[in-house]
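Undergrad: Handing you a structure now.
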Amino acid sequence: MFITIEGGEGAGKSTMMERMVTWLEDRGHKVVPTREPGGTELAEKLRAILLDKNTVGLSDQAELLLMFASRAQHLAEVIRPALQRGETVLCDRFTDATWAYQGGGRGLPLDDIAILERLVHGDLQPDLTVLLDLPVAQGLRRASRRGEADRFEEESSGFFERVRQAYLRRAESAPGRFAVVDASGSMEEVWSQVDGILQARLPA
Ligand code: TMP
């Protein structure tokens, strides 16, 4: 199975990732936890460039292409081989993040994203995508407690509002794949929703 987790800043993805790994392992899955951008040595170098505040003047289109370059490498080295071995890949962000951040946030043409998606992994989509949704102001408050902002975290609340709406549109367009979670509550409240989704969507 290929499972992805998505959400805006401060949605609590890391904690949910950890709990999902444990949940899956307890039920006999061999889990490969990974993330985007990143997940391989080369892709982590691209991540460093993409998130570095000192990366100035990166064009929106170059940002989009670096996201997909990182993804192509990650698919080739980690995701596809693990799925072929019958393992469960749990990925912190995937192409839905590109639709949300580069499409919604940056306003890049969605047709371009669709073309790159088809080129890089047209035949492969996640089996399940858990979207942690919460009001932008609340997410930014939580994220600001984590320390120094990266290149994306420095964006305006208008940017993150567009990201949120783009994520919700993605979820509406693929209701069979997405499960939208209200991530505004406590960690336990959020986990109980995610736990319910895993129980309902994953074969015993
Ligand atoms: P995070 O994984 O710590 O949330 O940081 C990754 C950042 O990269 C986050 O701000 C979202 C951004 N991102 C994109 O803009 N497009 C993408 O396709 C992906 C995977 C991430």
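The values are calculated or read from the model by the stated rules, or taken from the named source; none is laboratory data. Keep in mind that what you see is a predicted model, and the values were worked out from it rather than measured. Backbone-built Cβ (ideal geometry, glycine too); neighbour counts: all protein chains shown. Note: accessible area is taken over every heavy atom of the protein model, side chains too, but ligands, DNA and RNA are not part of it. Shrake-Rupley method; radii C 1.70, N 1.55, O 1.52, S 1.80 Å.
Undergrad: What helices (runs of 4 or more DSSP H) lie completely within segment 88-204 and have 1 or more residues being at pLDDT below 95?
TA: 136-144
Undergrad: How many residues, within segment 10-64, are out of contact with any Ser or Thr (no Cβ under 9 Å at 6 or more places or on another chain), part of a loop (DSSP other than H, G, I, E, B) and of a type in the set (D, E)?
TA: Adding up the residues that qualify gives 1.
Undergrad: What are the pairs, 6+ residues apart or on separate chains, where a residue within segment 87-111 that is over 12 Å from Q165 (Cβ atoms) and open to solvent by 30 Å² or more (accessible area, probe 1.4 Å) has its Cβ under 6 Å from a residue that is near the ligand (Cβ under 8 Å from one of its atoms) and modelled with pLDDT under 95?
TA: none
Undergrad: Could you please find all residues in segment 121-130 being under 30 Å from E189 (Cα atoms) and either within 13 Å of the ligand (Cβ to nearest atom) or surrounded by 23 or more Cβ atoms within 10 Å (Cβ to Cβ) (or both)?
TA: Once the filter is applied, which keeps residues that are under 30 Å from E189 (Cα atoms) and either within 13 Å of the ligand (Cβ to nearest atom) or surrounded by 23 or more Cβ atoms within 10 Å (Cβ to Cβ) (or both), segment 121-130 yields P126, T129, V130.
Undergrad: Separate question: Out of segment 154-182, which residues are touching a strand residue (DSSP E or B) at 6+ places or on another chain (Cβ under 6 Å) and basic (K, R)?
TA: R177
Undergrad: A further question on this structure: Any idea which residue in segment 146-204 is farthest from the ligand (Cβ to nearest atom), counting only those that are open to solvent by 40 Å² or more (accessible area, probe 1.4 Å) and of a type in the set (S, T, Y)?
TA: The selected residue is S192.
Undergrad: I'd like to verify a number: residues in segment 92-120 that are under 18 Å from R47 (Cβ atoms) and near the ligand (Cβ under 9 Å from one of its atoms), how many?
TA: 12
Undergrad: Something else about it: For residues that are among the small types (G, A, S) and closer than 27 Å to L110 by Cβ, tally how many sit in segment 71-95. Let's see the steps before the verdict.
TA: First, pick out the residues of segment 71-95 that are among the small types (G, A, S): 72, 76, 82, 86.
So of that shortlist, the ones also closer than 27 Å to L110 by Cβ come out as 72, 76.
Qualifying residue count for the region: 2.
Undergrad: D60 fails exactly one of the following numbered conditions: (1) among the acidic types (D, E); (2) at pLDDT below 95; (3) surrounded by fewer than 13 Cβ atoms within 10 Å (Cβ to Cβ). What is the number of that condition?
TA: Against the list (1) among the acidic types (D, E); (2) at pLDDT below 95; (3) surrounded by fewer than 13 Cβ atoms within 10 Å (Cβ to Cβ), D60 comes up short only on (2).
Undergrad: L65: closer than 13 Å to L50 by Cβ, open to solvent by 40 Å² or more (accessible area, probe 1.4 Å) and at pLDDT 95 or above, yes or no?
TA: Working: closer than 13 Å to L50 by Cβ: yes; open to solvent by 40 Å² or more (accessible area, probe 1.4 Å): yes; at pLDDT 95 or above: yes.
Considered against the rule, which asks whether it is closer than 13 Å to L50 by Cβ, open to solvent by 40 Å² or more (accessible area, probe 1.4 Å) and at pLDDT 95 or above, L65 comes out as yes.
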